[in-house]
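A.B. asks: Questions regarding the structure given below will be posed in turn.
The values are calculated or read from the model by the stated rules, or taken from the named source; none is laboratory data. Quick caveat: nothing in here was measured; it's all calculated off a predicted structure. Neighbour counts are summed over all protein chains in view; Cβ atoms, including those assigned to glycine, are modelled from backbone coordinates with ideal geometry. Keep in mind that these areas ignore ligands, DNA and RNA; they rest on the heavy atoms of the full protein, side chains included. Shrake-Rupley method; radii C 1.70, N 1.55, O 1.52, S 1.80 Å.
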Amino acid sequence: MNETKFCKFCGAVIPFDAVICTKCGRQVEKIANDKNGIVINNMSSASSSSSSSSSSSAAASQTPAAHARKFVSKWTSFILCLFLGWLGGHKFYEGKTGLGVVYFLTCGLFFIGWLVDIIVILTKPDPYEVI
């Protein structure tokens, strides 16, 4: 008889003995330490390596802590958006120079993007993280 259970993250029906959800890929059960020394690596990466030292260094370089985190002030960004948003001032402040140039050349995406950004910035926490 096929026993099933539900994933606590996505709600999909998965096999009863599954440790990792077959739909969303998240871990649904604790992995018991057994004598076989089996390690389950659920990282999605484009390349695979055969040696454990190179795979551990590749895994370490893909962790979220490896990326530089930048926090900016909500109110500074709001004031820049309010007065210089149509020129992309708030985008340059956030470090998004590509979007800043687009806003500069299109007058804040024809003033529609500027108005949307004013509302979006007001809904963000202070300070907020720029990705």
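A.B. asks: Please list the non-local residues whose amide H lies under 5 Å from the amide H of Tyr128, H modeled 1.01 Å from N, same-chain partners needing a gap of 5 or more.
C.D. replies: Counting only residues 5 or more places away or on other chains, the set is Val72, Lys74.
A.B. asks: Taking only protein heavy atoms into account and a 1.4 Å probe, give the accessible area per residue of the stretch 65-131 in Å².
C.D. replies: On the way: 4250 Å² over 67 residues.
Value returned for the stretch 65-131: 63 Å² of accessible area per residue.
A.B. asks: Ranked highest first by the average count of other Cβ atoms within 10 Å around their residues, in what order do 11-18, 80-87 fall? List each step's numbers first, then the result.
C.D. replies: Working: 11-18: 12.0, 80-87: 19.1.
The most tightly packed comes first, giving 80-87, 11-18.
A.B. asks: Sticking with this structure for a sec: At a Cα cut-off below 17 Å, give the aspartates and glutamates reachable from Lys91, other chains included and same-chain residues fewer than 8 away excluded.
C.D. replies: Reachable aspartates and glutamates: Asp117, Asp126, Glu129.
A.B. asks: In addition: Whenever you get a sec, compute what percent of the accessible area on the stretch 65-131 sits on carbon and sulfur atoms (1.4 Å probe).
C.D. replies: Of all accessible area on the stretch 65-131, carbon and sulfur atoms account for 76 percent.
A.B. asks: Net charge around Gly11, counting only other residues with Cβ within less than 12 Å of its Cβ (Lys, Arg = +1; Asp, Glu = -1)? Numbers along the way, then the final one.
C.D. replies: Numbers: positive: Lys5, Lys8, Lys23, Arg26; negative: none.
Neighbour charge sum, excluding Gly11 itself: +4.
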